[in-house]
Structure formats: C-alpha cells, structure tokens
1. Does segment 111-128 hold any residues that are within 23 Å of Phe83 (Cα to Cα) and either under 16 Å from the mean Cα position of the chain (by Cα) or crowded, with 17+ Cβ neighbours inside 10 Å (or both), and which are they?
2. Can you go through Thr95, Thr64, Thr111 and tell me which one is closer than 30 Å to Gln131 by Cβ and modelled with pLDDT of 90 or more?
3. Go over the candidates Ser87, Ser30, Ser43 one by one and state the one that is open to solvent by less than 50 Å² (accessible area, probe 1.4 Å) and either closer than 24 Å to Val155 by Cβ or part of a loop (DSSP other than H, G, I, E, B) (or both).
4. Do you know which residues across segment 133-157 are assigned to a loop (DSSP other than H, G, I, E, B) and within 18 Å of Gly80 (Cα to Cα)?
5. Residues Ser43, Ser77, Ser90: which one is free of Cβ contacts under 8 Å to residues at least 40 places away in the same chain and under 13 Å from the mean Cα position of the chain (by Cα)?
6. All but one of (1) modelled with pLDDT of 85 or more; (2) on the phi > 0 side of the Ramachandran plot; (3) open to solvent by 60 Å² or more (accessible area, probe 1.4 Å); (4) not basic (Lys, Arg) hold for Gly158; state the number of the condition that does not hold.
7. State all residues of segment 90-109 that are open to solvent by less than 30 Å² (accessible area, probe 1.4 Å) and part of a strand (DSSP E or B); if no residue qualifies, say none.
8. When only residues in segment 46-69 that are surrounded by 18 or more Cβ atoms within 10 Å (Cβ to Cβ) and of a type in the set (S, T, N, Q) count, which is nearest to Ser90 (Cα to Cα)?
Amino acid sequence: ATVTMVQDAVENLTLRYIGKGSVTVTTTRSTGALLPGMTVSISAPGVNTQTKTTDASGVAGPFTDLPLGQVFTITASHPGNSFVLQSSTSLTLSTTTATATLALPAFGTVTATITRPNGTLPGANISGQLQQTSGSSFFAQVTTNAASQANFGVVPVGRPFTIRAYRPPSAQGQPSYS
C-alpha cells in the first residue's frame, strides 16, 4: 500500500499478507537427460538471490521464502562454462509451490593429445588453445599434463573450433604445434 500523509492526519490501513512460496528446479540436457552438478540461481528485484547445485537427479531446491506474486528469473548453468552453457526462464510465483525445468544447450568435452611434428609427446606445460572459428568469441586456454593431453572441458556443440598448441614462454624461438 502507498499512503501520503498530511500533518496531524491518522491513516488506518488494512494490508493483506501475500505469503511465501518455494520453487524446485530440474535441469536437463537438450536431449531431456537429467543434469546433476549444475548451478541454479533464482532472483527478483528486491529479493535476495539464492543459488544451489543440482543433485544426482538434476534437481535444485527447493528455493524457499520467495514472495508470492513476484516474477523470478531462474538461471541454470554448467559450472565448467557458465558463460556459454546456460539457460534462463521467468516464473511468476502464484502458488506456494512451483516447479521449473531448464534445458541447457547441447555440449560435449574436448581433449587433445599434443604431439611434436616427429610424433613424439612433448609432455607437460605446453599451452593449448581452443577457439571458435566464427560467430561468438568462445575461447579456452589450458596447459598439457604429463601425458601431453590438453583438456578443454565442456564446449558447445555444432560449432567449428580451431585448436592450437604453443611452446611455453621459456621455450620461445622453437616451432609451435598446430
């Protein structure tokens, strides 16, 4: 309620308690398979943002003490790449319990074994770079492990990427691998 007071006036108001509710969120792959370990947040203007991680069944929540009648933004993201791999929706909380399902874009993982031109393995600490060839600016940079493997983690599917390997700064002046 909004009231404008005038000097020496008395205002008697009747306020209706709107109530609180909760939301439970399920995250899935684009195929419908459940996604455990995803980060889910729920927010609205004037309401503290709540963040939870999905369990083994792809479920996060319940998010509790949410005012009824409020429009909430629910966002689910992959912790390995929250910039690209995320999904959002809006939900008006009109009942004391609500559910939402968010499907993340399709993704996969990329691991590359780096070799020298002669086929031998250079070992650890070779810089690896994965970059989307066109479109968005998706980019990942890692260093190889002792087995000469570069694990770029999760990346969106259906996009062309270029992978390059470079010697560490201490070995500059020697050829790089592509």
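1. Residues of segment 111-128 that are within 23 Å of Phe83 (Cα to Cα), as a first pass: 111-112, 127-128.
Ala112, Ser127, Gly128 - these are the residues of segment 111-128 that are within 23 Å of Phe83 (Cα to Cα) and either under 16 Å from the mean Cα position of the chain (by Cα) or crowded, with 17+ Cβ neighbours inside 10 Å (or both).
2. Thr111
3. On the way: Ser30 fails: open to solvent by less than 50 Å² (accessible area, probe 1.4 Å); Ser43 fails: either closer than 24 Å to Val155 by Cβ or part of a loop (DSSP other than H, G, I, E, B) (or both).
Only one candidate qualifies: Ser87.
4. Taking segment 133-157 as the starting set, the residues that turn out to be assigned to a loop (DSSP other than H, G, I, E, B) are 133-138, 144-148, 157.
Answer for segment 133-157, where residues must be assigned to a loop (DSSP other than H, G, I, E, B) and within 18 Å of Gly80 (Cα to Cα): Ser136, Ser137, Phe138, Thr144, Val157.
5. Details: Ser43 fails: under 13 Å from the mean Cα position of the chain (by Cα); Ser90 fails: under 13 Å from the mean Cα position of the chain (by Cα).
Step by step, each of Ser43, Ser77, Ser90 is checked, and only Ser77 is free of Cβ contacts under 8 Å to residues at least 40 places away in the same chain and under 13 Å from the mean Cα position of the chain (by Cα).
6. (1)
7. So the first thing to find is which residues in segment 90-109 are open to solvent by less than 30 Å² (accessible area, probe 1.4 Å), and the list is 93, 98, 100, 102, 104, 107-108.
If the condition is that a residue be open to solvent by less than 30 Å² (accessible area, probe 1.4 Å) and part of a strand (DSSP E or B), then Ala98, Ala100, Leu102, Phe107, Gly108 are the ones that fit.
8. Among residues in segment 46-69 that are surrounded by 18 or more Cβ atoms within 10 Å (Cβ to Cβ) and of a type in the set (S, T, N, Q), the one nearest to Ser90 (Cα to Cα) is Gln50.
The values are calculated or read from the model by the stated rules, or taken from the named source; none is laboratory data. A quick note: this is a predicted structure, and the numbers were derived from the prediction, not measured. All Cβ positions, glycine included, derive from the backbone under ideal geometry; neighbour counts span all protein chains shown. All accessible areas refer to the heavy atoms of the entire protein, side chains included, with ligands and DNA or RNA removed. Shrake-Rupley method; radii C 1.70, N 1.55, O 1.52, S 1.80 Å.
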